[in-house]
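The values are calculated or read from the model by the stated rules, or taken from the named source; none is laboratory data. In this text, all values refer to a predicted model and were calculated from it rather than measured experimentally. Every residue, glycine as well, gets a Cβ built from its backbone with ideal geometry; the counts of neighbours run over all protein chains shown. Keep in mind that these areas ignore ligands, DNA and RNA; they rest on the heavy atoms of the full protein, side chains included. Shrake-Rupley method; radii C 1.70, N 1.55, O 1.52, S 1.80 Å.
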Amino acid sequence: MPHPGGRFNRAFLTEEEKANRPKVTFALVKRVFSYLVPYWKQTVLVLAAIFVSSVFTLLPSILTGRIIDEGLIGRNMRALVTLIAASLFVTVCANLISVFQNYLNTWIAQHIIFDMRNKMFRHLQNMSQQFFTTNNQGDIVTRMTSDISGIQNIVTNTLSSILSNSITLIIALVAMFQKNWMLALLGILIVPLFVIPSRLTGKRRFTLTQEAQSCSDEMNGILNETLSVSGQLLVKLFCTENREYERYKDVNRRMTRLNIRENMAGRWFFMAMSTFSSIGPMLLYLVGGMLIMRSDGGLSSITVGDITVFVALLGKIYMPVNQLLNIQVDWIRAMALFTRIFEYFDMKPDIQNAPDAVTPSFCNGEVEFRHVDFAYSPERTILKDVSFSLSSGKCIAIVGPSGSGKSTLVNLIPRLYDVKYGTVFFDGRDVRRLDLTFLRSHIGIVSQETYLFNGSIRDNLLYAKPDATEQELMDVCKTANIWDFISSQDAGLDTMVGNRGLKLSGGEKQRISIARVLLKDPALLIFDEATSALDSISEAKIQEAIEPLIQERTSILIAHRLSTILAADEILVVKDGRVVEQGTHATLLKAGGVYTQLYETQFKIK
């Protein structure tokens with residue numbers, strides 16, 4: 001008999017699950033089962049194992065009747081030993097087959113998860129940058145982890161439960177009707193005595209559990225607010241200790257009452273189930289006894305063993321019926337899980353290679369924007385009619401107020417986003433016609449927000465070029481003005497940087513980032529406000545690394561440091577998504593426009 005605190009909390013749908021219940025169609029079910037196709041041989045074995053195991057599980061109950069009639073009442077020792085041995089053998093076989101079935105179920109489930117994880121990771125890697133800026137990161141990780149992992153429960157439990165419980169129920173009913181149709185009907189009528197209280201009490205416990213969980217959340221909220229350092233300071237300063245105590249005591253009282261009601265609901269159910277579990281066999285014994293007493297001993301008469309079989313089969317019927325009634329909930333949850341996963345699979349990457357994508361044999365890093373418009377959303381245009389060109393070996397500085405679209409502009413070159421109108425050219429070709437790997441491998445970006453993986457400095461550098469030599473690592477570190485720091489560490493290049501580089505200062509992380517980009521050896525080098533968040537000393541060291549680089553490479557600078565801007569061959573002034581001014585430092589100062597205002601308020605004080 002199930003424990004009152006068992007399965008009920010998952011036997012009913014939450015309000016959120018009801019609201020988001022997926023539409024189960026033939027196409028969805030077909031798509032779900034398509035993941036079993038590569039493992040059809042193992043699936044056939046599972047089906048066979050489920051059928052044989054279900055039959056073998058019921059055989060001991062059926063053999064019990066013969067043990068009583070032929071062995072005990074018939075006083076036939078040979079039959080008694082043979083039947084008991086057969087019952088034991090069948091039980092062992094059923095258990096062994098069940099273990100084999102569970103292994104196959106787990107094997108299939110794990111391989112499906114393996115396939116789906118790989119497919120999802122590959123799919124997400126192909127999604128555009130806008131996908132990751134638009135969607136919640138926690139939701140993306142959840143789809144990759146818990147949603148896909150939840151499939152194992154579907155394969156190993158839900159589908160197997162439907163099959164095994166259905167087979168067990170059918171075989172048990174056939175066996176009962178074969179013995180005596182009257183007792184079989186009585187047995188069917190008794191089953192609701194077990195099922196209905198289970199459903200009603202389960203629903204009540206589920207409601208109470210939800211209320212208790214809500215109350216627990218409220219209690220934890222009070223604890224987090226009032227027992228934190230800042231919360232306690234506020235409580236003391238406003239002398240609200242008594243008020244907070246009364247608030248906590250009120251919630252604690254409600255929590256206690258709910259826990260008592262939830263616990264007692266289970267106890268009443270357990271009592272009812274114990275009672276009905278006694279009433280059912282008693283009714284079978286009563287009616288069966290009446291049939292025995294009225295029988296004439298003919299072939300159609302019922303025996304004591306038959307009644308014992310009916311009682312045993314009744315116990316075997318209850319669990320399959322109860323689980324099949326609850327299987328709808330598991331099935332809906334399973335379909336909801338697959339729907340969430342398929343929702344991501346069906347998202348088409350909005351940036352991908354053209355069918356006739358070109359991979360040139362060389363690259364100079366020349367850039368041209370021709371009447372480019374761009375918007376993250378239809379209601380707000382970020383860039384408007386932007387046009388400029390950058391020749392090989394030259395450097396352009398892009399300046400402008402915060403939010404004017406400077407970073408967005410450079411992100412269009414490696415196709416992190418695609419233009420809405422106009423064209424971005426790279427080496428004379430529309431970037432949308434270039435192979436993505438070729439395009440991005442020839443562009444290096446050092447951004448303001450430096451990201452380092454949790455590993456060593458060497459690991460982070462080799463991310464750009466896994467086969468780089470020790471000398472190459474040393475050279476790029478010297479060029480990036482970070483080698484003195486690395487050589488001063490006991491572990492040198494094998495110094496651990498910590499999660500996101502937290503063991504390093506902002507300047508050290510940024511210079512390692514520059515070294516990593518240099519190891520990539522791109523044709524076009526982009527510095528997107530690489531020093532804006534650093535102190536003056538770190539900024540100066542990075543500046544020492546940047547200035548020689550822009551003399552040697554085709555480069556774009558988004559900068560707020562005057563010396564960097566002066567080193568550029570040309571300056572673009574961006575405001576409200578438009579290039580409003582373009583020229584050298586001296587020319588723009590004479591114009592007395594936006595650049596002059598920026599110079600007076602931002603650059604001149606540096």
>> Could you go through region 125-141 and let me know if any residue there is open to solvent by less than 60 Å² (accessible area, probe 1.4 Å), assigned to a helix (DSSP H, G or I), over 26 Å from residue 419 (Cα atoms) and of a type outside the set (Phe, Trp, Tyr).
In response: yes
>> List pairs: first residue in region 240-259 and surrounded by 13 or more Cβ atoms within 10 Å (Cβ to Cβ), second residue among the hydroxyl-bearing types (Ser, Thr, Tyr) anywhere in the structure, Cβ distance under 6 angstrom, at least six positions apart or on different chains.
In response: 244/226
>> Of all residues being loosely packed, with under 15 Cβ neighbours inside 10 Å and in a helix (DSSP H, G or I) in region 73-92, which is modelled with the lowest pLDDT? Just the residue, please.
In response: 73
>> Show the residue pairs meeting these rules: Cβ distance below 6 Å; 6+ apart or different chains; first residue within region 445-472 and under 25 Å from residue 406 (Cα atoms) and outside any strand (DSSP E or B); second residue open to solvent by less than 90 Å² (accessible area, probe 1.4 Å) and aromatic (Phe, Trp, Tyr).
In response: none
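Tally time: how many residues in region 381-414 are within 14 Å of residue 524 (Cα to Cα) and within 38 Å of the chain's Cα centre (by Cα)?
Summing the residues that are within 14 Å of residue 524 (Cα to Cα) and within 38 Å of the chain's Cα centre (by Cα) in region 381-414 gives 5.
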> What are the residues in region 384-438 that are of a type in the set (Gly, Ala, Ser), farther than 14 Å from residue 556 by Cβ and open to solvent by 40 Å² or more (accessible area, probe 1.4 Å), if any?
Replying inline: 387, 402, 403, 428
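Do we find that residue 341 is more than 30 Å from residue 155 (Cα to Cα), open to solvent by less than 40 Å² (accessible area, probe 1.4 Å) and not small (Gly, Ala, Ser) in this structure?
On the way: more than 30 Å from residue 155 (Cα to Cα): no; open to solvent by less than 40 Å² (accessible area, probe 1.4 Å): yes; not small (Gly, Ala, Ser): yes.
Spelling it out, it is not the case that residue 341 is more than 30 Å from residue 155 (Cα to Cα), open to solvent by less than 40 Å² (accessible area, probe 1.4 Å) and not small (Gly, Ala, Ser).
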> Cβ-Cβ below 7 Å, separation at least six or inter-chain, first residue in region 401-417 and more than 22 Å from residue 427 (Cβ to Cβ), second part of a loop (DSSP other than H, G, I, E, B): which pairs?
Replying inline: 404/576; 404/577; 405/577; 406/400
> Within the bounds of region 156-175, is there any residue that is surrounded by 19 or more Cβ atoms within 10 Å (Cβ to Cβ), without any contact (Cβ under 8 Å) to a residue 60 or more places away in the chain and more than 18 Å from residue 55 (Cβ to Cβ)?
Replying inline: yes
>> Tell me whether region 358-367 contains one or more residues that are polar (S, T, N, Q), open to solvent by 20 Å² or more (accessible area, probe 1.4 Å), within 17 Å of residue 405 (Cα to Cα) and modelled with pLDDT under 90.
In response: no
>> Considering only residues that are of a type in the set (A, V, I, L, M, F, W, C) and at pLDDT below 85, which ones fall in region 1-27?
In response: 1, 8, 11, 12, 13, 19, 24
>> Give me the residue from region 546-570 that is at pLDDT 85 or above and closer than 20 Å to residue 382 by Cα and, out of that set, surrounded by the most Cβ atoms within 10 Å (Cβ to Cβ).
In response: 556
>> If I go through region 574-602 residue by residue, how many of them are open to solvent by less than 50 Å² (accessible area, probe 1.4 Å) and part of a helix (DSSP H, G or I)?
In response: 7
> Of the numbered conditions (1) farther than 22 Å from residue 436 by Cα; (2) within 39 Å of the chain's Cα centre (by Cα); (3) not hydrophobic (A, V, I, L, M, F, W, C), residue 373 satisfies every one except a single condition; which is it?
Replying inline: (1)
>> Out of everything in region 473-494 that is part of a loop (DSSP other than H, G, I, E, B) and open to solvent by less than 20 Å² (accessible area, probe 1.4 Å), what residue ends up being nearest to residue 520 (Cα to Cα)?
In response: 480
>> Please pick out the residue among 195, 174 that is assigned to a helix (DSSP H, G or I) and at pLDDT 80 or above.
In response: 174
